[in-house]
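**Q** Got a structure here, written out as structure tokens. Questions coming.
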Amino acid sequence: MSPPQTAKDTALHFAAGAVASVGLSPGYAEAFLRDPAFGLDEVVGFFAGKVDLVIVEGAREADLPTILLGDLPPGAVAGQILLSLPPRPEASEDLLASVRTLLATLPPRS
């Protein structure tokens, strides 16, 4: 993932070396966090108890329940693959219903 490329103050602070830069506006927030100060566990932990689902994309080294799109990339952790789909599945009502049902069966993570 590339650093933000905007002229907003939050992006400029981050580009200048800030460990974290957060912008708040009515109705939304954006945060730029520099690793290793904020790893996957810290970011996912931040959302614990605040949201029903956290989707983590691209964390191939993480041992998380996975909905796999396409083939498992070389070097990726093959943890708990819950569902395997083609690389760009068509978002049908049946597929979405299957994913919702699958997600509803997952226990909360601590």
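Coordinate-derived values only; no laboratory data. Only a predicted model underlies this, so the values are computations on that prediction, with no experimental measurement involved. Don't worry about glycine lacking a Cβ; one is built from the backbone with ideal geometry, like all the others, and counts go over all protein chains shown.
**Q** How large is the helix-only mean residue ellipticity at 222 nm for the chain, computed as the sum of -39500 (n - 2.57) over DSSP H runs with n ≥ 4, divided by its residue count, in deg cm²/dmol to the nearest 500?
**A** Calculated at 222 nm, the ellipticity per residue is -7000 deg cm²/dmol.
**Q** Pairs of Cα atoms under 8 Å, at least six residues apart: use those to get the relative contact order of the stretch 1-94, whole percent.
**A** In percent, rounded to a whole number, it is 15.
**Q** Please list 3J(HN,Hα) in residue order for the stretch 12-25, calculated via the Karplus relation 6.51 cos²θ - 1.76 cosθ + 1.60 where θ = phi - 60°; whole Hz, with x for glycine and proline.
**A** Couplings: 5, 4, 5, 4, 7, x, 4, 5, 8, 9, 10, x, 10, 9 Hz.
**Q** Only Cα pairs within less than 10 Å get springs; with that Gaussian network setup on the chain, which residue of 55, 67, 81 has the largest fluctuation?
**A** 55
**Q** Here is a further query. With a sphere of radius 12 Å drawn around the Cβ of residue 78, what net charge do the other residues whose Cβ falls strictly inside it have (Lys, Arg +1; Asp, Glu -1)?
**A** Residues near residue 78 contribute -2 overall.
**Q** Next up: Please give the contour-minus-distance gain from residue 98 to residue 12: 0.36 nm per residue of separation, less the Cα-Cα distance, rounded to one decimal in nm.
**A** Length difference between fully extended and current span is 26.7 nm.
**Q** Over 18 Å, how big is the tail of the calculated P(r) for the stretch 54-104, in percent of all Cα pairs?
**A** Distances greater than 18 Å cover 30 percent of the Cα pairs.
**Q** Turning to a different aspect of this structure: Cβ under 15 Å from residue 19's Cβ, residue 19 left aside: what net charge do those residues give with Lys, Arg +1 and Asp, Glu -1?
**A** Value of the local net charge: -1.
**Q** Two decimals is fine: what is log10 I(q)/I(0) at q = 0.15, 0.18, 0.20, 0.24 Å⁻¹ for the chain, from a Debye sum with one equal scatterer on every Cα and no solvent?
**A** Log10 of I(q)/I(0), two decimals: -0.89, -1.11, -1.19, -1.32.
**Q** In whole Hz, with x marking every Gly and Pro, tabulate ³J(HN,Hα) for the stretch 72-82 from phi via Karplus 6.51 cos²θ - 1.76 cosθ + 1.60, θ = phi - 60°.
**A** 5, x, x, x, 7, 6, 9, x, 7, 7, 7
**Q** Against the longest alpha carbon principal axis of the chain, how many degrees, from 0 to 90 and to the nearest 10, is the axis of helix 93-104 turned?
**A** Between the helix axis and the principal axis of the chain, the angle is about 80 degrees.
**Q** Separate question: When the Karplus curve 6.51 cos²θ - 1.76 cosθ + 1.60 is applied with θ = phi - 60°, which whole-Hz ³J(HN,Hα) does each residue of the stretch 60-67 get, with x for Gly and Pro?
**A** 5, 8, 8, 8, 10, x, 10, 9
**Q** Considering only 21, 84, 92, give the residue with the highest GNM mean-square fluctuation for the chain, with springs between Cα atoms whenever their separation is below 10 Å.
**A** Of 21, 84, 92, the Gaussian network model singles out 92 as fluctuating most.
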